[in-house]
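Shown next, in structure tokens, is the structure this report addresses.
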Amino acid sequence: MDTTHIDDLIGRARALVRPGERAILGITGAPGAGKTTLAEALVQRLRGEGIGVAHVPMDGYHLADVTLAEHGTLGAKGAIETFDRDGYLALLRRLKAELKHDVYAPGFERTIEQPIAGAITTRPDDVLVVTEGNYLLDESWSDVRDALDEVWFLELADDIRLERLVRRHIEFGKTEPEAREWVDRVDEPNARRIIARRDVADLVVSGL
């Protein structure tokens, strides 16, 4: 199923909520597709309806630069091997099981390009968690997929998405040549891997 209408998406997210449980909705897509923008729109709308919703991006599970340097992968930051998959999976399982107290998760601060411990709180009255990240449907992360109630794939025309990526890298400190080199060398190989899993998503969201 493909959809582009935000009201349809709100209704589908709302329908995931079940009494006495916490649902987790995953949003994936290639770098620059607009995952965070969509997640924030869903959270804002649902909170406006009085539904408890937490936004817990996967980005907090970026490995820190010091660890990437030790592994020799600092120049590939954003590739699947530069995330703490097991830590993220453990968080998803905690979010499902631990409903009576706050659950803390790391955030990611783009101004320093580093994870920040304990930056995000999911509270007991949050009956839905919206999480977003690049690799939620990757074949090697099948247990992550199993921890999610649904995964939506957000797609955007490549030309628009690539320019967004370049602008983002420039905004956070790269020169334009550096930004374009990074997009070509790092982001786009990652994008091709992510897009290859489009058809296994529960829903494809286009044109937002």
Roughly how big is region 2-206's charge dipole about its Cα centre, with Cβ charges of +1 (Lys, Arg) and -1 (Asp, Glu), in debye to the nearest 20? 420
Taking +1 at the Cβ of each Lys and Arg and -1 at the Cβ of each Asp and Glu, which of Gly48, Tyr61, Leu136 sits farthest along the dipole of the chain towards its positive end, judged by Cα position relative to the Cα centre? Gly48
Arranged from highest to lowest average of other beta-carbon atoms within 10 Å per residue, in what order do the peptides 113-121, 79-87, 19-27 appear? 19-27, 79-87, 113-121
Put in order of increasing Cβ neighbours within 10 Å, starting from the fewest, Thr28, Thr67 give Thr67, Thr28
Please report the net charge: other residues with Cβ closer than 10 Å to the Cβ of Tyr61, K and R +1, D and E -1. -2
Would you calculate a helix-derived [θ] at 222 nm for the chain, using -39,500 (n - 2.57) for each DSSP H run of n ≥ 4 and dividing by the full residue count, to the nearest 500? -11000 deg cm²/dmol
Any idea how many Lys pairs in the chain come in under 24 angstrom at the alpha carbon, given 8 or more places apart or on separate chains? 4
Express in nm, to one decimal, how much length is gained between Gln44 and Ser140 on full extension, taking 0.36 nm for each residue of separation and deducting their alpha carbon distance. 31.4 nm
Potential lengthening between His101 and His71 on full extension [0.36 nm per residue; Cα-Cα distance subtracted]: 7.3 nm
Rounded to the nearest 5, what is the percent of antiparallel bridges among the DSSP beta bridges in the chain? 30
Region 149-187: chymotrypsin sites (Phe, Trp or Tyr not before Pro) falling in loop per DSSP and having at most 15 other Cβ within 10 Å: Phe172
Going fewest to most other Cβ atoms within 10 Å around each Cβ, Leu165, Leu156 line up as Leu156, Leu165
Taking region 88-184, which trypsin sites (Lys or Arg not before Pro) meet the DSSP loop condition and have no more than 12 other C-beta atoms within 10 Å? Lys100, Arg110
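Readers should treat all values here as calculations from the given coordinates under stated rules, not as data from a laboratory. Nothing here was measured: the structure is a model prediction, and the numbers come from that model. Note that we place each Cβ from the backbone using ideal geometry, even for glycine, and neighbour counts take in every protein chain shown.
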